[in-house]
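Report on one structure; see the data block that follows.
Every number here is computed from the coordinates shown, using simple stated rules; none is lab data. Being a predicted model, the structure only gives us computed values, none of them experimental. All Cβ positions, glycine included, derive from the backbone under ideal geometry; neighbour counts span all protein chains shown.
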Amino acid sequence: MEQSGLIRMGDGVWAFMRPTGGWGETNTGLVVSPGAASLVVDTVWDVAWAKRIADVQRPLVADAPVTEAVNTHSDGDHWWGNDTLPATARITTSAASLDGMHEDLPPAALTAMATAGELIGRLPGPVGAAASFMTRVRADARFPRRTPRFPDRTFDTSHRLTVGHRTVELERLGPCHTAGDLVAHVADAGVTFTGDLLFVESTPILWNGPLDNWLAALDRLIGWDAAVYVPGHGPAGSVDDLRALRDYWLWLRDAGRDRHARGTSVRQTARELVRSRDFEPWSRWRAPERIVLSLSTLFDQWNGNPPGPPTIVRRARAFADAETLLREGIFPQ
Ligand SMILES: [Zn+2]
């Protein structure tokens, strides 16, 4: 299902799909209770795209105004468009995600880094490589100038949202991808918005961990047996895609742990894994270089550090390693 734009996912449920699933190409959701109210799931970080999505959705919410919104986690590509939501809409996220939003670098800082990266990126060595990678992550997105509106309401583990005549179940399944990952389950339509707990045909990133928590989250999502799982990135998925992601994590965990035990570096481990025959099932997933970012988190935790958001130093080192491997041309195109 490679359709892009506003796609109907179930009864009164839509998603604005960016199925290429690259950096910042985030899927968002819309749940409509006709004649009453609507809910928006996530807002993208590119201001122009956020406005475009709101414009395209306007006819669907003409008699069902957006009264509720949800941010699935703290990564900017899922909430930096919050200023395009109606001022009267209430925004909900998990308490851990709100903490992450306050702790992460604001969009103005990322804009400055990506812009500097265009110059610094020419420098040889890890500083130049990390800066180049940041420029690659931003691509052509225009981040908001000011930090957008934060969510107004939080919950710890689960919360039932009323949207007109419908209910949407929110459940926090993190820490996995980030500390506060939550999913939104629209049971009456058989649709689940997974945020970045599911990537489809696109390489996932373990930023926070622990990985075991992500595996448990996938089992829980599989148990819901929804007709459609709308991932944070990539085309709409099914239980099979959740299983494929679980297989990727199990492979990466086992192959990575062996090499960590032997003292192999993150970069060399990524190089060996990508060149191995076992990589074949994942080789067509977009942005395969993200394997380095996940390995950097796994190695950090295997070194005895507790799970947590990446420090700036760890993130910069992982970006530099990813950029170096991209320049080596080891990834399939
Ligand atoms: Zn994302």
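Could you compute Rg(Cα) / (2.2 N^0.38 Å) for region 91-163, with N its residue count?
Details: Rg = 16.7 Å, N = 73, 2.2 N^0.38 = 11.2 Å.
Against the compact-globule rule of thumb, the ratio is 1.49.
With charges only on Cβ, +1 for K and R and -1 for D and E, what is the dipole size of the chain about its Cα centre, in debye, rounded to 20?
Details: 35 positive and 40 negative charges, 167 e Å.
So the magnitude is around 800 debye.
Relative contact order of region 110-171, please, whole-number percent, based on alpha carbon pairs below 8 angstrom and at least 6 residues apart. Working shown, then result.
Values: 50 pairs, mean separation 12.8, N = 62.
21 percent.
What's the center-to-center distance, using Cα atoms, between region 286-304 and region 144-175 in Å?
If we compute the Cα centre of each part, the gap is 28 Å.
Which one, H73, W207, T115, is farthest towards the positive end of the dipole of region 68-216 when Lys and Arg carry +1 and Asp and Glu -1 on their Cβ?
Farthest towards the positive end: T115.
Given just the C-alpha atoms of the chain, how large is their convex hull per residue in cubic angstrom? The partial results should precede the final answer.
Values: hull volume 39.1 nm³, N = 333.
Convex hull of Cα atoms, per residue: 118 Å³.
Give me the percent of Cα-Cα pairs in region 165-287 that sit more than 26 Å apart, rounded to a whole number. Provide the component values of the computation, followed by the final result.
Details: 1739 of 7503 pairs.
Summing the P(r) of region 165-287 above 26 Å gives 23 percent of all pairs.
Counting pairs of alpha carbon atoms under 8 Å apart in space and at least six apart in sequence, what relative contact order in percent does region 5-328 give? If you can, show how the numbers build up before the last one.
Details: 683 pairs, mean separation 57.7, N = 324.
Rounded, it is 18 percent for region 5-328.
Sort largest first and round to whole Å: the equivalent ellipsoid semi-axes of region 241-333, each the square root of five times a Cα gyration tensor eigenvalue.
Numbers: eigenvalues 76, 52, 35 Å².
In descending order, the three semi-axes are 19, 16, 13 Å.
Please list 3J(HN,Hα) in residue order for region 100-113, calculated via the Karplus relation 6.51 cos²θ - 1.76 cosθ + 1.60 where θ = phi - 60°; whole Hz, with x for glycine and proline.
Computed from phi, the couplings for region 100-113 are x, 4, 6, 7, 5, 5, x, x, 4, 5, 5, 4, 4, 5 Hz.
Okay, helix-only estimate at 222 nm for the chain: each DSSP H run of n ≥ 4 adds -39500 (n - 2.57), divide by all residues, round to 500 deg cm²/dmol; what do you get? Write out the running numbers ahead of the final one.
On the way: 9 runs with 123 residues, N = 333.
Roughly -12000 deg cm²/dmol at 222 nm, from the helical runs in the chain.
Looking at the chain, identify the longest residue range that excludes and avoids all trypsin sites (Lys or Arg not before Pro) in DSSP loops having at most 15 other Cβ atoms within 10 Å. Let's see the in-between values first.
On the way: sites that count: R122, R142, R145, R146, R262, R284.
Longest stretch, sites excluded: 1-121.
Of M101, M134, M113, how do they rank once you tally other Cβ atoms within 10 Å and put the fewest first?
Values: M101 25, M134 22, M113 18.
By the 10 Å Cβ count, ascending, the order reads M113, M134, M101.
Amide H neighbours of T67 under 5 Å, at least 5 residues apart or on other chains, H built in the peptide plane: list them.
S38
Return an integer: the convex hull volume of the alpha-carbon atoms of region 153-237, in Å³ per residue.
Values: hull volume 7.9 nm³, N = 85.
Roughly 93 Å³ of hull volume per residue.
Rounded to the nearest 0.05, what FRET efficiency do I312 and R275 give with R0 = 22 Å and r taken as the Cβ-Cβ distance? Could you check? Write down the numbers at each step before the final one.
Working: r = 30 Å, r/R0 = 1.36.
E between I312 and R275, to the nearest 0.05, is 0.15.
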